[in-house]
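The values are calculated or read from the model by the stated rules, or taken from the named source; none is laboratory data. No experiment lies behind these values; they were computed from the predicted model shown. So basically every Cβ, Gly included, is an ideal-geometry build from the backbone, and we count neighbours across all protein chains shown. The protein model used for the area step is the full one, side chains on, heavy atoms only, and it has no ligands, DNA or RNA in it. Shrake-Rupley method; radii C 1.70, N 1.55, O 1.52, S 1.80 Å.
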Amino acid sequence: SLEQMPKGDTMRLRKRHIGESCKLFYRADPLKIVRAEGQYMFDEKNNRYLDCINNVAHVGHCHPDVVKAGSDQLALLNTNNRFLHDNLVVCAKKLSGLMPEPLSVCFLVNSGSEANDLAMRLARAHTKNHDVITLDHAYHGHLTTLIDISPYKFNHPGGSGKPEWVHVAPCPDVYRGKFRDVDYPNQDLGKKYADEVKNICKKAREDGRSICAFIAESLQSCGGQIITPPNYFRNVYKYVREAGGVCIADEVQVGFGRVGKAWWAFQLQGDDVIPDIVTVGKPMGNGYPVAAVITTPEIARSFRNTGMEYFNTYGGNPVSCAIANAVIDVLEKEKLRDHATRVGNHLLNLARQLATKHILIGDVRGVGLFVGIELVKDRESRTPATAEAQHIITRMKEEFILISSDGPDRNVLKLKPPMVFTHEDAEHVIKILDEVLTEVEDEPPRKINTNSPERRKLEDGYMSCNEKKIRIDDQQKEIISKS
Ligand code: PMP
């Protein structure tokens, strides 16, 4: 048996000894996963689940090359980066090689949060400014500094609102954001959304404030699988630089080839779009904690010139680097970027066909294996179908498919599977989604919601919070949408 105790005991021990702020997926009936392989996860009863959410298990769960690289190095040496080690410099060389010039200096850290926190320190050292522009609904990590720049956290239960030095720009969502494609036909919405950042810079200056940095995911996943409109970053970067700030691309979720045609999602906006600082994490270690900040020699020099040493006990240790190097090698050897493009296109095409059949699907968008299916109650008003999305996620799990939802209204079905996801997997997900959508359409959502006390609570909470349709239960949202 792969269990040390029955599931009920695991749940009891967890409740007693693990902080209750750490939430489970599928709280009403959590999964106990005991092993995984490729795009599949197995529970204690050996049920096999198709994993459509685990962007961390990038080259597939427990990829043998990655496991071997890590375990071989663990048996040989693991220590801090104050000693010379080839794995560290090889890793930095590989990362730099995947970035456009002049991004060539790396800092190795242990998590996406550490990477973003360090990115802010670099930006402050370089610009000597303090204020940060962030996107609405963004999430950049769990550290104190990052909660401060994450509307996804500071605007929700337990948050203390927006700090004075933070400026929130609208999320460039052309489907349900401030500027919608239907309202501005044939207009450059990328430019229009970028003008919002320009106005923020102008207003900050008038108020006597100085911009230090603009930070954004290159494709906003926490905002609801948003495909950044063309010309957005090109313009934003220009305005932010003119205002004296630097531009940080958070590639923690969307980097390392997930988008297929490029290694980094910011590259989708054009070869001339180059951030000053890039943060990477999650997929980098295929589940092992390793992350990095990549910046320019000039910014790294400003940081050095502060005189303060940067030391990180585990950052860039030989095991983390062996693993990161193996992940990059597998991506190249197995041509997983091309694979992501092919399978992603197939998945998008199938999802678009499904949209012709199911009125609940308002929008299908994606690039590579980063896909969002936005559910709406009404295609005209684009009212979010939140309860339906939550119901679908639960039903998919009962059919052994793990998907999640995201976006401020949790109505965007989110697919970001391991890169080894196949054509057949895509077909299977769409087939089951088709069946589940039919069920939902046959049964009015109200009725669905009264079927289960858990879901009823969810729906009721949602209704009572009618004003801005703020999610009822942020924690539930968090567990559903985070990996
Ligand atoms: N940035 C983004 C865009 C993320 O999605 C996350 C994690 N969900 C982080 C940063 C933080 O990464 P970590 O959890 O590894 O600290």
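Length gained on full extension, TYR184 to MET5: 58.6 nm, using 0.36 nm per residue less the C-alpha separation. For the stretch 230-336, the set of GluC sites (Glu not before Pro) satisfying both a DSSP loop assignment and a count of at most 12 other C-beta atoms within 10 Å is given as GLU309.
Net charge in the neighbourhood of ASP9 (other residues with Cβ under 13 Å of its Cβ; Lys, Arg +1, Asp, Glu -1) is +4.
Taken per residue, the accessible surface of the chain reaches 43 Å², heavy atoms only and a 1.4 Å probe. Paramagnetic label reach from HIS130 (point 7 Å along Cα→Cβ; backbone nitrogen cut-off under 17 Å): within the stretch 223-243, no residues. Normalised Debye scattering of the chain at q = 0.13 Å⁻¹ gives log10 I(q)/I(0) of -1.32, counting only Cα atoms as equal scatterers and leaving out solvent. Set the Förster distance to 30 Å, then compute FRET efficiency between THR383 and ARG342 from the Cβ-Cβ distance, nearest 0.05. The computed FRET efficiency comes out at 0.30. Excluding residues on the same chain fewer than 8 positions from LYS93, give the aspartates and glutamates whose Cα lies under 17 Å from its Cα. Partners found: GLU101, ASP329, GLU332. Among the trypsin sites (Lys or Arg not before Pro) found in the stretch 23-80, those both in a DSSP coil and sparsely packed, with 11 or fewer other Cβ atoms within 10 Å of their Cβ, are LYS45. Projecting the Cα atoms of TYR314, ILE274, GLY161 onto the charge dipole of the chain, computed from C-beta unit charges around the Cα centre, puts GLY161 farthest toward the positive end. Label-to-label distance, ASP195 versus ARG16, with points set 7 angstrom from Cα along the beta-carbon direction: 6.2 nm. Just to verify a number: FRET efficiency for LYS68 and ARG241, C-beta to C-beta distance, R0 = 41 Å, to 0.05? After rounding, the FRET efficiency stands at 0.40. Within the P(r) computed for the stretch 103-236, what percentage of the Cα pairs occupies the region above 24 Å? Of all Cα-Cα pairs in the stretch 103-236, 31 percent lie more than 24 Å apart. The simple spin-label model puts a point 7 Å past each Cα toward its Cβ; for LYS203 and THR144 those points are separated by 2.8 nm. Each Cα pair under 8 Å and six or more residues apart adds its sequence gap; the mean of these over the residue count of the chain is a relative contact order of 20 percent. Rounded to 0.05, the FRET efficiency of the ARG304 and ARG234 pair, given R0 = 30 Å and the Cβ-Cβ distance, is 0.50. Counting only protein heavy atoms and using a 1.4 Å probe, what share of the accessible area of the chain belongs to carbon plus sulfur, as a whole percent? Of all accessible area on the chain, carbon and sulfur atoms account for 52 percent.
If both residues of a DSSP beta bridge must be in the chain, then about 65% of such bridges are antiparallel.
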